[in-house]
Amino acid sequence: MEKLIITAAISGAEVTKEQNKNVPYTIEEISNEAEMAYKLGASIIHLHVRYDDGTPTQDINRYKACIEEISKKCPDVIIQPSTGGAIGMSNEERLQPLNLNPEMATLDCGTCNFGGDDIFINTENTIIEFAKSMNNKGIKPELECFDKGMVDMALTLNNKAIIKSPMHFNFILGVPGAISANGQNLLFLVQSIPKSSTFTITGVGRNQFYMAAIAIAIGGHVRVGFEDNLYLSKGILANSNGELVEKVVRIANELGREIAKPDEARKILGLL
Ligand code: KMH
Ligand code: ZN
């Protein structure tokens, strides 16, 4: 089996220090979390940035400063900025980090409810606009699919050559209002993509580790981190993203799956 790529989604845009005091906001905090996750086995850092008070932003200057700091501490890690940003941001705001020409970025493939009154809006035209912008800059999209219809949208745009092959998907299961996290749904998503694709699995909240275990067992890759889950185990808040990465590494070791270094991840994802 291919080595396991671990993505650490260290900061997110919606979680707060009120929920877990270890959620990083400042550049120092975010880069320290990235360093710990990287040293413990993450080869990709999925990055959202905040102002020091925790307000999420897609400000290009804030991304630039944060990426520079992470790169100093983790010289070869793959940094994957978000183009999802936070709920309610404009497309213009969300697109800013692409101007830093990262190797990868997220491409959200549809609209869904996001708990309470929140709606995460990605119309077909938005997805096309973001995909074309990534194509023009040679940035590999990670196709964020929170539901099966989003996979179908990605496949439709792939048929039109707007999304290029080989595709890399991230299936996120367990957002309230989108596909729920169970083995049947996970396999349904995985079986709907072309064989040439790669995929990562993200289980939200308490689903994080058993979704990860299935992904490891079936040859997928894994994303963990505070963006998706704040707990190390039931009722126990994680002290760091590194602890969440460490737990995935432990599960992978038990199942005999080796962990990819960043350059091995680049090869698997076709970034080299
Ligand atoms: N913050 C979420 C609404 C992404 O990074 O591309 C969306 C998100 C997706 O985090
Ligand atoms: Zn994100």
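The values are calculated or read from the model by the stated rules, or taken from the named source; none is laboratory data. These figures come from a predicted structure and were not determined experimentally. Ideal geometry is used to build each Cβ from the backbone, glycine not excepted, and the neighbour counts take in all protein chains shown. Just the protein is used for accessible areas: all its heavy atoms, side chains included, with ligands, DNA and RNA removed. Shrake-Rupley method; radii C 1.70, N 1.55, O 1.52, S 1.80 Å.
Please give the per residue accessible area of region 172-215, computed with a probe of 1.4 Å over protein heavy atoms only, in Å².
42
Round to a whole number: what % of the accessible area of region 1-81 belongs to carbon and sulfur, probe 1.4 Å?
For region 1-81, the apolar C and S fraction of the accessible surface comes to 52 percent.
Which residue, T156, T106, T200, has the most motion in a Gaussian network model of the chain that connects Cα atoms within less than 10 Å?
Of T156, T106, T200, the most mobile in the Gaussian network model is T156.
Please report the carbon-and-sulfur percent of the accessible area for region 136-219; probe 1.4 Å, protein heavy atoms only, DNA, RNA and ligands left out.
55
Under a plain spin-label model, where a point goes 7 Å from the Cα along Cα-to-Cβ, how far apart in nm are T55 and N253?
Using points 7 Å along Cα→Cβ, the separation is 4.4 nm.
Could you work out the Kirkwood radius for region 6-269, taking every pair of different alpha carbons, averaging 1/r and inverting it, reported in Å?
Roughly 18.1 Å, rounded to one decimal.
So for the chain, taking the charge dipole from beta-carbon charges (+1 Lys/Arg, -1 Asp/Glu), which of I67, T198, N241 sits furthest toward the positive end?
T198
When the helices in the chain are scored as -39500 (n - 2.57) per DSSP H run of 4 or longer and the sum is shared across all residues, what 222 nm value do you end up with, to the nearest 500 deg cm²/dmol?
-11000 deg cm²/dmol
Can you tell me the dipole magnitude for region 71-214 around its Cα centre, using point charges on the Cβ only (Lys, Arg +1; Asp, Glu -1), in Debye to the nearest 20?
480
Out of the DSSP beta bridges found with both residues in region 1-152, what percent are antiparallel (nearest 5)?
25
Suppose every K and R has +1 on its Cβ and every D and E has -1 on its Cβ; what is the size of the dipole of the chain about the Cα centre, in Debye to the nearest 20?
800
Spin-label point model (7 Å from Cα, Cβ direction): what's the K261 to I218 distance in nm?
3.1
Return the single residue from Y51, Y38, Y231 with maximal mean-square fluctuation; model: Gaussian network over the chain, springs between Cα atoms under 10 Å.
Taking springs between Cα atoms under 10 Å, the residue moving most is Y51.
With the chain treated as a Gaussian network of Cα nodes joined by springs under 10 Å, which of G12, G54, G242 yields the largest mean-square fluctuation?
Result for the chain, Cα springs under 10 Å: G54 fluctuates most.
At a 10 angstrom cut-off on C-beta neighbours, averaged per residue, how do the peptides 169-178, 249-258 rank from highest to lowest?
169-178, 249-258
Let me have the relative contact order for the chain, percent, based on Cα pairs under 8 Å that are six or more residues apart.
Normalised by residue count, the contact order of the chain is 23 percent.
Between region 228-251 and region 91-162, what's the alpha-carbon centroid distance in Å?
First find each Cα centre; the distance between them is then 28 Å.
May I ask what percent, to the nearest 5, of DSSP beta bridges between residues of the chain are antiparallel?
15
Set the Förster radius R0 to 25 Å, insert the Cβ-Cβ distance between L237 and S71 as r into 1/(1 + (r/R0)^6), and round the FRET efficiency to 0.05.
0.30
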